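Q: I have a structure I would like to understand better, so I am pasting it below and will then ask my questions one at a time.
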Amino acid sequence: MPRRIASHKIPVDRISRSAIRVVESLRKANYETYLVGGCVRDLLLGLVPKDFDVATSATPEEVRKVFPRARLIGRRFRIVHVRMGREIIEVSTFRKQIDRDAASSHGEQEARDGLIVRDNVYGNIDEDAFRRDFTVNALYYDPANNTVLDFVKGMQDLDSRTLRLIGNPKVRYQEDPVRILRAIRLAAKLDFSIEKNTERAISPRGESLYAVPPPRLFDEFNKLLMTGAAERAFELLQKFNLLEILFPLSSESTELVITALQSTDQRIALEKPVTPAFVLAALLWHQYKSQCNASSTVGNSQETQFEAARNVIQQQRTVSIPKRHAFFIRDVWHLQLRLERRNPRSIGPLLEHRRFRAAYDFLLLRAGNAEVEPELAQWWTEMQTLNSTEQQDRISGLSPQRKKRRRRSKRDNA
Ligand code: ATP
Ligand code: MG
């Protein structure tokens, strides 16, 4: 039997109206329905939830009958996205915890070497609570009577700020290795400690991440960067020897990456836009540079650079990098050399380049890391504050020959 908690500190006005409407509509159609997961956890902690998840006894098809325009997504784990204005509410059907022995013989719940490749066997709410990952993620909120349902002592762990896997950690990581990264993300984001057994099972299972589809690992890695606590998450990845699995780094890259993570965290705190591609550019920068150096004797330098960038990005087999980010990374890298050259004719076009800002920020990182002269970064900082005539004067200041030529032609014209 779950514990029913009425004396909690959920600020009711922070709950999304859309999420409540989804719960109410499903209940009206006689389906047992609650808010669940990260939103309940975050509300109890006084944080603003990133999104709202709903758990229900209705199957995805039944949810679609209530919300005909909703979208059914996922294969491994089927859920329904209900759009309400600008918000998307994720609705998932109560599921059972997988029985590993029975799993491989069951069509909708499939496992290979203990890894769950499909998880669509529906169940009731208490079964649903036990198949979730962490105790603090298995709390259900009933908006009708403002109570929290707790099947797994999640409230206790929430109060002591502890992240604890439900069940046997070894088995739970084996079923889905992404839970390892979720542990790190949530510990970093919430500043929670990881319960001993949950923690001890992480490192020995690190290599199981190789079995996760690379695009799913990218999604999870991306979430990790966007927590606002990316630097802390990175430290945890290092502590558990996971970084070498995701992105093998040379020691000379670490400083650059940490600065990129700090800048990402600061931007999130200031509610400025951020892209994971900036951190990826830093993570892979030294690989790119050594590829460029290794092949610099063949072909012209631009081709060498393109080739090196393509190779480095494509070589990332554990975490795949989506195309849109690959373009960003490549541009930021290529612009570095052009920024270093300060070729007078390129300066105008460079300042206009759509990736100039990102490339300049990256140059600042490198200057902070003593990879380029601070004077170069200052020069580009100043360039941005000048109008075009002042820029020209400053540029010709760079090239005395051009200045002389200009003076001579002025004299001739007079
Ligand atoms: P966030 O604040 O990032 O949204 P979250 O905990 O809500 O954090 P979601 O990915 O939105 O994360 O997942 C919603 C809920 O689904 C989780 O709280 C957890 O109960 C359950 N869940 C998600 N991923 C897993 C998983 N890999 N294994 C077991 N349960 C999971
Ligand atoms: Mg969520």
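Each value in this text was obtained by applying a stated rule to the coordinates, not by laboratory testing. Values in this document were obtained by computation on a predicted structure and should not be read as measured data. Please note: Cβ atoms are built from the backbone with ideal geometry, for glycine as well, and neighbour counts cover all protein chains shown.
Q: Compute the orientation-averaged projected area for segment 182-291 from the convex hull of its Cα atoms and round it to one decimal in nm². Show your work: numbers first, answer last.
A: Details: hull surface 28.5 nm².
Averaging across all directions leaves 7.1 nm² for the Cα convex hull.
Q: Over the chain, what per residue volume does the convex hull of the Cα atoms give, in whole Å³?
A: Per residue, the Cα convex hull of the chain comes to 184 Å³.
Q: A further question on this structure: So what's the projected area for segment 27-76, the Cα convex hull averaged over all directions, in nm²?
A: 4.4 nm²
Q: For helix 374-383, report the angle its Cα long axis makes with the longest principal axis of the Cα atoms of the chain; keep it between 0 and 90° and round to the nearest 10°.
A: 90 degrees
Q: Moving to a separate point now. Rounded to the nearest 5, what % of the DSSP beta bridges within segment 1-160 are antiparallel ones? Could the numbers behind the result be given before it?
A: Working: 27 of 31 bridges.
In segment 1-160, approximately 85 percent of DSSP beta bridges are antiparallel ones.
Q: Which value at 222 nm does the chain reach when only helices count, each DSSP H run of 4 or more adding -39,500 (n - 2.57), with the total divided by all residues and rounded to the nearest 500 deg cm²/dmol? Could you put the intermediate results ahead of the total?
A: Details: 22 runs with 226 residues, N = 414.
One gets -16000 deg cm²/dmol as the mean residue ellipticity at 222 nm.
Q: 5 Å is the cut-off here: which amide hydrogens, built 1.01 Å from N in the peptide plane, fall below it relative to Gln97, excluding neighbours closer than 5 in sequence?
A: Here the answer is Arg131, since their amide H atoms fall under 5 Å of that of Gln97.
Q: Counting DSSP beta bridges with both partners in the chain, what percentage is antiparallel, nearest 5? Kindly include the intermediate steps, with their values, before the conclusion.
A: Working: 28 of 34 bridges.
Around 80 percent antiparallel, to the nearest 5.
Q: Tell me the angle of helix 214-225 to the major Cα principal axis of the chain, expressed in degrees between 0 and 90 and rounded to the nearest ten.
A: Taking the Cα atoms of the chain, the angle to 214-225 is about 80 degrees.
Q: With just the Cα atoms defining each centre, how far is segment 234-266 from segment 1-72? Give it in Å.
A: Centre-to-centre distance over Cα atoms comes out at 36 Å.
Q: If we count every other residue with Cβ under 12 angstrom of Thr259's Cβ, Lys/Arg +1 and Asp/Glu -1, where does the sum land?
A: For residues surrounding Thr259, the net value is -4.
Q: State log₁₀ I(q)/I(0) for segment 1-160 at q = 0.11, 0.14, 0.17, 0.21 Å⁻¹ as given by the Debye formula over alpha-carbon point scatterers of equal weight, solvent excluded.
A: Log10 of I(q)/I(0), two decimals: -0.43, -0.70, -1.01, -1.40.
Q: A further question on this structure: For Ile194, what residues show an amide H to amide H distance below 5 Å, using hydrogens built from the backbone and excluding near sequence neighbours?
A: Hits under the 5 Å cutoff: Leu163.
Q: Please give the helix 301-314 orientation as an angle from the longest Cα principal axis of the chain, in degrees from 0 to 90, rounded to the nearest 10.
A: In the chain, helix 301-314 runs at an angle near 10 degrees to the longest axis.
Q: Under 9 Å from the Cβ of Leu181, count the other residues' Cβ atoms, weight Lys and Arg +1, Asp and Glu -1, and hand me the total.
A: For residues surrounding Leu181, the net value is +3.
Q: Please list 3J(HN,Hα) in residue order for segment 45-51, calculated via the Karplus relation 6.51 cos²θ - 1.76 cosθ + 1.60 where θ = phi - 60°; whole Hz, with x for glycine and proline.
A: So the Karplus estimates, Gly and Pro as x, are 8, x, 9, 8, x, 6, 8 Hz.
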